[in-house]
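Written out below as structure tokens is the structure these notes cover.
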Amino acid sequence: MVPSKSQARPKTSPYALPASSSGLFPEWKNGEKKKKKTTNQPHNPTSPCCCCRSWRVSQLESPPCPAAAAMNMKTALIILLLLALATIFALVCVLLTRVPAPGTCQHQPPEPEVPEDGRSLVFADLTPEELARVVRYLQGSLGVPLVDASRAKPSDNCIASVDVQLPGKAEVLQFLDGGGARPPREALAVLYFGDQADPNVTEYVVGPLPVPTYHRDVTVQKYGGKVPYHRRPVTGVEYVAISALIHHELRKAPRLLAACCASDGTDLAALTTAPRGFKSGDRASWFVLFHAVAGTGYYVLPVGLEVLVEHGELDISLWYLSQVFYNGHYFSSMAELEGAFVAGLLEVIQVEKPQDATVMGSMRPRRPPGAPGPLQYEPQGPRYSIRNNHVTFQGWSIAFGMNPNTGPRLFDIRYRGERIIYELSLQEALALYGSNCPGGMSTRYLDGSFGIGRFAYELVRGVDCPYTATYVDRHYLAESDVPRTNQNSLCVFEHDAALPLRRHFSDMQSLYYGGLRKSVLVIRAVSTLINYDYVWDFMFHSNGAVEVRVHATGYISSSFFHGRGTDYGNKVGPHTLGTMHLHHIHYKVDLDIDGQLNSLEAQDMGYELLRAPWSLQNTLERPFLRRDRLERENEAAFPLDAPLPRYLSFTGPRPNRWGHARSYRLQVVSSPGKHLPDSSSMERAVSWGRYKLAVTRRKEEEPTSTSVYNQNDPWTPTVVFADFINNETITNEDLVAWITVGFLHVPHAEDIPNTVTVGNSVGFFLRPYNYFDEDPSVDSPDSIYFSSEREAEACETNPLACLPAAACAPHLPQFRYGGFLNISLPPPPGEL
Ligand SMILES: [Cu+2]
């Protein structure tokens, strides 16, 4: 879909400008003020008649002043005529000498720098039409009854999801670079077969689109065997059934609930945890109970009650509660808990029922809105261009998409026509918690299993992205036979970083100034994964650098505060423990630096002791550069808590003008927590987290570092990243960098209501390192250089000097939001 900016508003009169913009146009503002002052001047009956004559016609229509009445009518008319002529003359003079009123800024995006010939569509997400065709094909071709996944019980067959199946890299490069044929377009369909003798998950490649004629089972080929049914993610239907079971069980402890929580159970919400047991085949989840208050995040209002639900059976009626936790104690059932309470054996903590307006964690404003903050705008329209799934900007060319599970994915990232990165994609986000409550202490969320891309919702103009950003819809098919749209869920914008990219003021030898603003193209999406929100940024700088960054925000998860809770976090409310956790995030970067065949080089410093050659009785500690080529995968797998070599670069086969291998340097900015101990029974499922960086030989059969099936069976992981590292040589090979970034999060008082993005960001840079012969930003059209006042102020040589004349009223599209439209909430707890 071509993203559309709203149509231009008709040119508005400067008098229609909002008051806030008047500061840009002082002449206009003064003129308006003067006019108002004149027209508002009260009639002074004692003024001489010359004053009366300067009044507007309407004033003349009022009873004449005594002197005018004495004049003869003819003289009065002549004088009036002369005055009118003088007024017209004066007005013309004023209009001619004023700065022209600004019009609305242009807003037509430029033509793409690289002609968009549809080739990037080889990476495109499936369209709603394509998704619908795949569903229709499967319904008619599999020969088994399929139930719509939005209604399917575990004992049914259903289409769990459909996404694009990207062609192999060799085929794509042959198409993009070698004049080869366009690869057939295919889909990957995931089916849950619960209505079979051997329930399982099966993955089919379906093609060719738009009219499928074949499907082939790729499960064994991808995973080395069938995918057991218990590994499938928990569906919405399953959660609704679990919620109903929990609320049914809560009725068995009415007196406890009344005493502890001023509740009959119907106003409590349950939050899932994962994984769900201790061994393969287990499907038993702790659910943490919170006071549910509409309009605010219940995640910070625990009541002290948690329940363990066994939901592994295909027959929902066989599910049951196997454990109950209340305020530090474990029980076998709700009835046992109620019995302990009635017998007076239980210490009950009274938790007040929160009220809407004052509830902890509410994000409702506490003050009326103030003046709007500063805005960025584009005087001559966006300088980037988007066609289909393809963005171009000042030498950059990027294809973008969104995997419903793993989230944002970019392909064929080129700078000045040369491919630097074939694929840059998010792989996984792990949140691993500590607590003295069972739900908290066992939580290791693998967000890809929930759907990082699928839950990237509509972005709010002016908060989530700049007001004037371009917003793009994303479509997906998951847990439904009907494609869904997250409208405006990906944004693209050019951002003025309010910092020079580089600058120098010379006061030596000669006077001059040279500088360049830091202007960056940003592609952003924000995923809401239950309580947390992750802001995914991909940034493209005018020095040829790529920056990848994630910010965490949203609600913290929490436990009921009891006992030695502060061993696992901080108390952030009357009964709320903000539980410590780590956020570890994994990225895949398939670099192609000057072609596919790359090597990895490390550079770092040491000191060498030497006698000063000119004074041998003295010694010097001389820094020197240590250069190492990392030849094998095992050498290039850097533990999470070990420092990386200070310079690590991916080199191509050819030198730059100065004889150095053309390279891109990886620089990681991250402060991760500790990886799960190797002894953990689920460690292999998240073994990507062992490594801050691992560089492997690219393989078509190693497309992702994890799998959606790892969450619910981490004890027999479907994909084990650590197995990718088998000491193969990585010299002159097609290489992939797998990068883990993250941070330890100890929630504190200021995480209420939300974790702020400030300080909670990590990421990495890919920076040119001898790739060019000089900084390519020298060619930026934004470059500034002057050596005299005259030069500085000349519009022809200094684009900034042109700005006052180019000032225009920003085109601000109407604020709209439709993000609630496509969401179907489960029924409120009381209605289950
Ligand atoms: Cu956090």
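The values are calculated or read from the model by the stated rules, or taken from the named source; none is laboratory data. Every value quoted in this text rests on a predicted model; they were computed, and no experiment measured them. Positions of Cβ are generated from backbone atoms using ideal geometry, with glycine treated the same way; all protein chains shown enter the neighbour counts. All accessible areas refer to the heavy atoms of the entire protein, side chains included, with ligands and DNA or RNA removed. Shrake-Rupley method; radii C 1.70, N 1.55, O 1.52, S 1.80 Å.
Can you confirm whether Tyr607 is surrounded by fewer than 24 Cβ atoms within 10 Å (Cβ to Cβ), away from the ligand (no atom under 16 Å from the Cβ) and modelled with pLDDT of 95 or more? Full working, then the answer.
On the way: surrounded by fewer than 24 Cβ atoms within 10 Å (Cβ to Cβ): yes; away from the ligand (no atom under 16 Å from the Cβ): yes; modelled with pLDDT of 95 or more: yes.
So Tyr607 passes the test.
Among the numbered criteria (1) more than 15 Å from the ligand (Cβ to nearest atom); (2) of a type in the set (Val, Ile, Thr); (3) surrounded by fewer than 21 Cβ atoms within 10 Å (Cβ to Cβ); (4) touching a residue at least 24 places away in the same chain (Cβ under 8 Å), which one does Thr619 miss?
(4)
From Tyr433, Tyr422, grab the single residue that is of a type in the set (Phe, Trp, Tyr) and more than 18 Å from Leu173 (Cβ to Cβ).
On the way: Tyr422 fails: more than 18 Å from Leu173 (Cβ to Cβ).
Going through Tyr433, Tyr422 in turn, just one is of a type in the set (Phe, Trp, Tyr) and more than 18 Å from Leu173 (Cβ to Cβ): Tyr433.
Go through (1) under 16 Å from Tyr771 (Cβ atoms); (2) of a type in the set (A, V, I, L, M, F, W, C); (3) within 15 Å of the ligand (Cβ to nearest atom) for Leu591 and report which single condition fails.
(3)
Taking interchain pairs and intrachain pairs at least six residues apart, which have beta carbon atoms under 9 angstrom, with the first residue in region 714-726 and among the acidic types (Asp, Glu) and the second crowded, with 22+ Cβ neighbours inside 10 Å and not in a loop (DSSP other than H, G, I, E, B)?
So the pair list comes out as Asp723/Ser687.
Test of understanding: among Ala737, Ala749, which residue is open to solvent by 10 Å² or more (accessible area, probe 1.4 Å) and either among the hydrophobic types (A, V, I, L, M, F, W, C) or closer than 30 Å to Thr235 by Cα (or both)? Can you show your working first?
Working: Ala737 fails: open to solvent by 10 Å² or more (accessible area, probe 1.4 Å).
Selected residue: Ala749, the only one of Ala737, Ala749 that is open to solvent by 10 Å² or more (accessible area, probe 1.4 Å) and either among the hydrophobic types (A, V, I, L, M, F, W, C) or closer than 30 Å to Thr235 by Cα (or both).
Looking only at region 575-599, filter to residues that are among the hydrophobic types (A, V, I, L, M, F, W, C) and surrounded by 24 or more Cβ atoms within 10 Å (Cβ to Cβ); which one of those is farthest from Arg698 (Cα to Cα)? Steps first, answer last, please.
Looking only at region 575-599, we keep the residues that are among the hydrophobic types (A, V, I, L, M, F, W, C), and these are 577, 580, 582, 585, 589, 591, 593, 597.
Now narrow it down to the ones that are surrounded by 24 or more Cβ atoms within 10 Å (Cβ to Cβ): 577, 585, 589, 591, 593.
Details: Leu577: 44, Ile585: 20, Val589: 10, Leu591: 10, Ile593: 14 Å.
Among them, the one singled out is Leu577.
Picking from Leu257, Leu314, Leu346, which residue would you name as being farther than 21 Å from Gly578 by Cα, open to solvent by 20 Å² or more (accessible area, probe 1.4 Å) and touching a strand residue (DSSP E or B) at 6+ places or on another chain (Cβ under 9 Å)?
Values: Leu257 fails: open to solvent by 20 Å² or more (accessible area, probe 1.4 Å); Leu314 fails: touching a strand residue (DSSP E or B) at 6+ places or on another chain (Cβ under 9 Å).
Going through Leu257, Leu314, Leu346 in turn, just one is farther than 21 Å from Gly578 by Cα, open to solvent by 20 Å² or more (accessible area, probe 1.4 Å) and touching a strand residue (DSSP E or B) at 6+ places or on another chain (Cβ under 9 Å): Leu346.
Tell me which residues, restricted to region 625-647, are assigned to a strand (DSSP E or B) and either among the basic types (Lys, Arg) or surrounded by fewer than 11 Cβ atoms within 10 Å (Cβ to Cβ) (or both).
From region 625-647, those assigned to a strand (DSSP E or B) are 625-630, 632, 637-639, 647; that's our starting set.
Answer for region 625-647, where residues must be assigned to a strand (DSSP E or B) and either among the basic types (Lys, Arg) or surrounded by fewer than 11 Cβ atoms within 10 Å (Cβ to Cβ) (or both): Leu625, Arg626, Arg627, Arg629, Arg632.
Look through Tyr445, Tyr377, Tyr415 and report the one residue that is of a type in the set (Ser, Thr, Tyr), within 16 Å of the ligand (Cβ to nearest atom) and either more than 26 Å from Val572 (Cα to Cα) or open to solvent by 10 Å² or more (accessible area, probe 1.4 Å) (or both). Don't jump to the end; show me each part of the working.
Details: Tyr377 fails: within 16 Å of the ligand (Cβ to nearest atom); Tyr415 fails: within 16 Å of the ligand (Cβ to nearest atom).
Unique residue meeting the criteria: Tyr445.
Select, from Ser663, Ser679, the only residue that is free of Cβ contacts under 8 Å to residues at least 24 places away in the same chain and at negative phi. Write out each step before concluding.
Working: Ser663 fails: free of Cβ contacts under 8 Å to residues at least 24 places away in the same chain.
It is Ser679.
Considering only region 179-195, I want to know if a residue exists there that is under 26 Å from Tyr239 (Cβ atoms), open to solvent by 40 Å² or more (accessible area, probe 1.4 Å) and out of contact with any strand residue (DSSP E or B) (no Cβ under 6 Å at 6 or more places or on another chain). Talk me through it step by step, then tell me what you get.
First pass over region 179-195, keeping only residues under 26 Å from Tyr239 (Cβ atoms): 188-195.
Narrowing the set further to residues that are open to solvent by 40 Å² or more (accessible area, probe 1.4 Å) leaves 195.
Now narrow it down to the ones that are out of contact with any strand residue (DSSP E or B) (no Cβ under 6 Å at 6 or more places or on another chain): none.
The answer is no; no qualifying residue exists.
Pick from Ser263, Ser285: which is part of a loop (DSSP other than H, G, I, E, B) and among the polar types (S, T, N, Q)?
Details: Ser285 fails: part of a loop (DSSP other than H, G, I, E, B).
Being part of a loop (DSSP other than H, G, I, E, B) and among the polar types (S, T, N, Q) holds for just one of Ser263, Ser285, which is Ser263.
Of all residues in region 559-572 being within 16 Å of the ligand (Cβ to nearest atom) and in a strand (DSSP E or B), which is surrounded by the fewest Cβ atoms within 10 Å (Cβ to Cβ)? Before the answer, list the steps.
First, the residues of region 559-572 that are within 16 Å of the ligand (Cβ to nearest atom): 559, 568-570, 572.
Now restrict to residues that are in a strand (DSSP E or B): 559, 569-570, 572.
Working: Ser559: 27, Gly569: 27, Asn570: 17, Val572: 21.
So, considering only residues that are within 16 Å of the ligand (Cβ to nearest atom) and in a strand (DSSP E or B), the one surrounded by the fewest Cβ atoms within 10 Å (Cβ to Cβ) is Asn570.
Tell me, yes or no, whether region 453-475 has at least one residue that is farther than 30 Å from Ala149 by Cβ, open to solvent by less than 30 Å² (accessible area, probe 1.4 Å) and in a strand (DSSP E or B).
Start the filter on region 453-475 by keeping residues that are farther than 30 Å from Ala149 by Cβ, which leaves 461-463, 465-470.
Filter once more, so that each one left must be open to solvent by less than 30 Å² (accessible area, probe 1.4 Å): 465, 468-470.
Narrowing further to those that are in a strand (DSSP E or B): 465, 470.
There is at least one residue in region 453-475 that is farther than 30 Å from Ala149 by Cβ, open to solvent by less than 30 Å² (accessible area, probe 1.4 Å) and in a strand (DSSP E or B).
Can you tell me which residue is farthest from the ligand (Cβ to nearest atom) among those in region 737-783 that are of a type in the set (Val, Ile, Thr) and over 16 Å from the mean Cα position of the chain (by Cα)? Lay out the reasoning, then the answer.
The first filter runs over region 737-783 and keeps only residues of a type in the set (Val, Ile, Thr), leaving 739-741, 746, 752, 755-758, 762, 778.
So of that shortlist, the ones also over 16 Å from the mean Cα position of the chain (by Cα) come out as 739-740, 746, 752, 778.
Values: Ile739: 20, Thr740: 16, Val746: 9, Ile752: 13, Val778: 41 Å.
That would be Val778.
Given the conditions (1) more than 14 Å from Val736 (Cα to Cα); (2) surrounded by 15 or more Cβ atoms within 10 Å (Cβ to Cβ), and given that Tyr664 satisfies all but one, which numbered condition is not satisfied?
Result: Tyr664 passes all but (1).
Given the conditions (1) touching a His at 6+ places or on another chain (Cβ under 9 Å); (2) modelled with pLDDT of 95 or more; (3) among the acidic types (Asp, Glu), and given that Glu378 satisfies all but one, which numbered condition is not satisfied?
The one condition Glu378 does not meet is (2).
For the list (1) at pLDDT below 90; (2) surrounded by 15 or more Cβ atoms within 10 Å (Cβ to Cβ); (3) among the polar types (S, T, N, Q), I need the number of the one condition that Ser824 fails.
(2)
Select, from Ser397, Ser425, the only residue that is under 30 Å from Cys802 (Cα atoms) and within 22 Å of the chain's Cα centre (by Cα).
Details: Ser425 fails: under 30 Å from Cys802 (Cα atoms).
Result of the check over Ser397, Ser425: Ser397.
Pairs, please: C-beta under 7 Å, at least 6 apart or cross-chain, first residue open to solvent by 30 Å² or more (accessible area, probe 1.4 Å) and in region 270-282, second modelled with pLDDT of 95 or more and among the basic types (Lys, Arg)?
Asp282/Arg276
Looking at region 148-166, which of its residues are under 33 Å from the mean Cα position of the chain (by Cα) and open to solvent by less than 40 Å² (accessible area, probe 1.4 Å)?
So the first thing to find is which residues in region 148-166 are under 33 Å from the mean Cα position of the chain (by Cα), and the list is 148-154, 158-166.
Selection gives Asp148, Ala149, Ala152, Pro154, Cys158, Ile159, Ala160, Ser161, Val162, Asp163, Val164.
Failed condition for Val135, given (1) among the β-branched types (Val, Ile, Thr); (2) surrounded by 20 or more Cβ atoms within 10 Å (Cβ to Cβ); (3) under 19 Å from Gly401 (Cα atoms), with all others met?
(3)
Let me spell it out: the conditions are (1) among the β-branched types (Val, Ile, Thr); (2) farther than 30 Å from Pro781 by Cα; (3) surrounded by 17 or more Cβ atoms within 10 Å (Cβ to Cβ), and Val391 meets all of them except one. Which number is the exception?
(2)
What's the number of the only condition in (1) open to solvent by less than 60 Å² (accessible area, probe 1.4 Å); (2) assigned to a helix (DSSP H, G or I); (3) free of Cβ contacts under 8 Å to residues at least 24 places away in the same chain that Ala805 fails to meet?
(1)
Would you check which residues across region 529-558 are open to solvent by 10 Å² or more (accessible area, probe 1.4 Å), part of a loop (DSSP other than H, G, I, E, B) and within 16 Å of the ligand (Cβ to nearest atom) and list them?
Once the filter is applied, which keeps residues that are open to solvent by 10 Å² or more (accessible area, probe 1.4 Å), part of a loop (DSSP other than H, G, I, E, B) and within 16 Å of the ligand (Cβ to nearest atom), region 529-558 yields Ile530, Tyr555, Ser557.
For region 219-230, which positions are in contact (Cβ under 8 Å) with a residue 24 or more places away in the chain and not in a helix (DSSP H, G or I)?
Correct list: Lys226, Val227, Pro228.
Quick one: in region 181-222, of everything that is over 33 Å from the mean Cα position of the chain (by Cα) and hydrophobic (A, V, I, L, M, F, W, C), which residue is farthest from Arg136 (Cα to Cα)?
Of everything passing the filter in region 181-222, Ala181 is farthest from Arg136 (Cα to Cα).
How do the pairs read when you match residues in region 317-330 that are surrounded by 15 or more Cβ atoms within 10 Å (Cβ to Cβ) with residues anywhere that are part of a strand (DSSP E or B) and at pLDDT below 95, using Cβ under 9 Å and keeping only pairs 6 or more apart or on different chains?
none
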